Amino acid sequence: MQTVSEGHVRVMQRIALGQDVHCLRLCLEDADFEPVAPGQYCRLSGPGLAPQACSYVSLPDHDGCFMVAVDGARTAVAVGERLDYRGPLGCGWPLPLHASHLLLLVTDNGLLSLAALVDELGCWMPWVQLRLLCEPQCFERLPQECRGWLRSLGLAPSANPDWYCGDLLDRLEEQLRAQPPDLVFCSGSQRFSLACAELCLRHGVAQRNIWLRADILPRIDGPPAEEGPVFRLDRYPPAGRGRT
């Protein structure tokens, strides 16, 4: 069973990425903290921050500093404030141990929950070929640090013509015909993710190799979910989830 840390974090920086989402750079004040996997989330609350579930955008470094995405409309937290922290929670993206070609499909703010994965794979599993199909505005909703991770792997708009080539589902079908992936990760709205999954299945991608991240995290006033927010296709969509 996963071990969960409970303690406090200090707000080091607040980054506005749009009206609906901000990023907070936090630093854990407690000496011990549990390792985090890309795709997991934590729970935060405190002065200026309504209790909410927050996706990790970057993973804690050796100093315990990391970034999370928060609801901009419910966040008035200031730099230097101390917040209650509980995490990591949920299931993250699986490691592509047996894959050589990983396809990432993203809409809305979904790239925020994949940024840490891209960074980790670039550092520790460089043999995995990454292909990103994404809306151009998704890149603009990333902190500058995360944009650098994509640039270093040739996934940024300036180096990736796939950002500007029409409808995402049409681009996905072209990609599936040209080079079927070993593994598919979808991060975005439920409607988009399920449409992508259906198209992948039609082109022969096995159900066990398609993973989707729920775009609505478990309610903050309920117990931590036993599964998710990342699900294998045969376990998605999650039942009984509500908005945070």
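Summary table
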item: Dipole of the chain [Lys/Arg +1, Asp/Glu -1 at C-beta], most positive-end residue of Gly39, Tyr85, Ser187; result: Ser187
item: Check: the range 5-89 dipole with +1 on Lys, Arg Cβ and -1 on Asp, Glu Cβ, in debye; result: 300
item: Dimensionless Rg/Rh of the range 101-235 - Kirkwood Rh, Rg from C-alpha atoms; result: 0.95
item: Fully extended contour minus Cα-Cα distance, from Ser189 to Asp20, at 0.36 nm per residue; result: 59.3 nm
item: Size descriptor, Kirkwood hydrodynamic radius, that averages inverse alpha-carbon separations across the range 14-92, Å; result: 12.6
item: Cβ charges +1 (Lys, Arg) and -1 (Asp, Glu), total dipole of the range 101-235, debye; result: 160
item: Alpha-carbon Rg with Dmax, taken over the chain, Å; result: 17.4, 51
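Read-outs: derived from the displayed coordinates by stated rules, not from any lab. In this text, all values refer to a predicted model and were calculated from it rather than measured experimentally. All Cβ positions, even for glycine, are placed from backbone atoms using ideal geometry, and neighbour counts span all protein chains on display.
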